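The values are calculated or read from the model by the stated rules, or taken from the named source; none is laboratory data. Note that the structure is predicted; figures quoted are calculated from it, not measured. With ideal geometry, Cβ positions are generated from the backbone for all residues, glycine too; neighbour counts draw on all protein chains shown. Note: accessible area is taken over every heavy atom of the protein model, side chains too, but ligands, DNA and RNA are not part of it. Shrake-Rupley method; radii C 1.70, N 1.55, O 1.52, S 1.80 Å.
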Amino acid sequence: KKSLVLDFKKEKAREIIYELVKKSDVFVTNFRIAAVNKLGLSYEVLSKHNAKLIYAVASAWGPKGPDADRPGLDYAGQARSGFMFTVGHPDSPPFLGTGGIADQMGAVILAYGVMTAIVVRERFGIGQKINTSLLGSMLWLEGLNVAASLMLGSELPRQDRRTANNALWNHYECADGKWIAIAMLQADRYFPYLVRAMGIEDLQKDPRFATIEKKTENAPELISILDRTFATKTRNEWMRIFANAEGDLIYEAVNTINEAV
């Protein structure tokens, strides 16, 4: 099969597109608004050839406002959305997420929009134009952070693992240099089981960690103790110990991508 490469600037190419649109369900574009209009591929034009067409637009900053026609790629989406300040220590510089996170989120939200529009068309017999953007998709991904900003007037702070408020909601380096995460949000509930499994059950009698308030107040000291203890065994050893421990402990390896695969 030969691939179809069209020069949209030519009338014959546009005629081919219009014929394809007549028998298509979805038209997807990430061209900027001015370019789409110039090429005669706008929703207003294509919907005349197929009123039930779902016209999906992926942009950088959305269809409205002074930046609607500005270009943008993944890096810019991560930057503008605030995402780069959600990871790392409080005093660390912004971090870029690898793997095109903003691009992927934009694609996921675009797919949601298309699927929803298909349901609407099946129920009501209408097509429509949908818009997604890097910025909007990343803000959706950061929903809790955005909600905190809007409702509290302040940002959820980046967490320094050395001074986290809950030592049982943290990650620790093991003897082999690999990391393990313990995700026990209810510290009081899990604390007795965890320290028994780790062979430091005497901490149950330590007044510094007697209540949830004390655990929070003295969390850096508890983190330091756990740091030293985790460093005595490899991650696999700790994983086996926790698997056989009481209390249904919540823990997991902090995997590299290769390990996750």
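Rounded to the nearest 500, what is the chain's calculated 222 nm mean residue ellipticity when only DSSP H runs of at least 4 contribute -39500 (n - 2.57) each, over all residues? The partial results should precede the final answer.
Details: 12 runs with 116 residues, N = 261.
That comes out to -13000 deg cm²/dmol.
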Accessible-area value, Glu217, 1.4 Å probe, nucleic acids and ligands omitted, Å²: 120
I'd like the Karplus ³J(HN,Hα) series for the stretch 202-212: coefficients 6.51, -1.76, 1.60, θ = phi - 60°, whole numbers in Hz, and an x wherever there's a Gly or Pro. 4, 5, 4, 9, 6, x, 5, 10, 6, 10, 4
Convex hull volume per residue for the stretch 15-134, taking Cα atoms only, in Å³: 119
Between Lys22 and Met84, what length in nm is gained on full extension when 0.36 nm per residue of separation is reduced by their alpha carbon distance? 18.1 nm
Taking Lys233 as the anchor, which aspartates and glutamates have their alpha carbon closer than 14 Å to its alpha carbon, excluding any fewer than eight residues away along the same chain? Glu173, Asp176
Can you give the local net charge around Ala13? Use residues other than it whose beta-carbon is closer than 13 angstrom to its beta-carbon, Lys and Arg +1, Asp and Glu -1. 0
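Given a 1.4 angstrom probe, what's the average accessible area per residue across the stretch 141-261, in square angstrom?
Accessible surface, normalised per residue, equals 60 Å².
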Tell me which residues come under 5 Å, amide H to amide H, from Arg32 once H is placed; ignore anything under 5 positions away on its chain. none
Given H placed 1.01 Å from N in the peptide plane, which residues other than close sequence neighbours of Ile130 have an amide H under 5 Å from its amide H? Tyr55, Ala56, Val57
Which whole-number percent of Cα pairs in the stretch 153-237 have a distance greater than 16 Å? 52
Leaving ligands and nucleic acids out of the surface, order Tyr190, Tyr251 by accessible area at 1.4 Å, largest first. Tyr251, Tyr190
Note the full-extension length gain between Met239 and Lys205 as 0.36 nm times their separation in residues minus their Cα-Cα distance, in nm to one decimal. 9.7 nm
Per the 1.4 Å probe, what fraction of the accessible area of the chain, in percent, lies on carbon and sulfur atoms? 56
Could you please state, rounded to a whole Å, how far the C-alpha centre of the stretch 48-79 is from the C-alpha centre of the stretch 150-215? 43
Just to check I understand the Karplus step: with θ = phi - 60° and J = 6.51 cos²θ - 1.76 cosθ + 1.60, what whole-Hz values come out for the stretch 167-182, glycine and proline as x? 5, 8, 10, 6, 10, 9, 8, 9, 4, 8, x, 8, 10, 10, 9, 10
For Ala51 and Lys12, what does the FRET efficiency come to when R0 = 22 Å and r is the distance between their Cβ atoms, rounded to the nearest 0.05? 0.35
If each of Ala231 and Asp188 carries a label point 7 Å out from its Cα toward its Cβ, how far apart are those two points in nm? 3.2
The chain: Rg/Rh from Cα coordinates, Kirkwood Rh? 1.15
With all protein chains present, calculate the accessible area of Asp176 using a 1.4 Å probe and round the result to the nearest 10 Å². 70
With θ set to phi - 60°, apply the Karplus curve 6.51 cos²θ - 1.76 cosθ + 1.60 along the stretch 112-121 and write out the HN-Hα couplings as whole Hz, x wherever there is a Gly or Pro. 4, x, 5, 4, 5, 5, 5, 4, 4, 5
Would you mind computing Rg(Cα) / (2.2 N^0.38 Å) for the stretch 49-105, counting N as its residues? 1.51
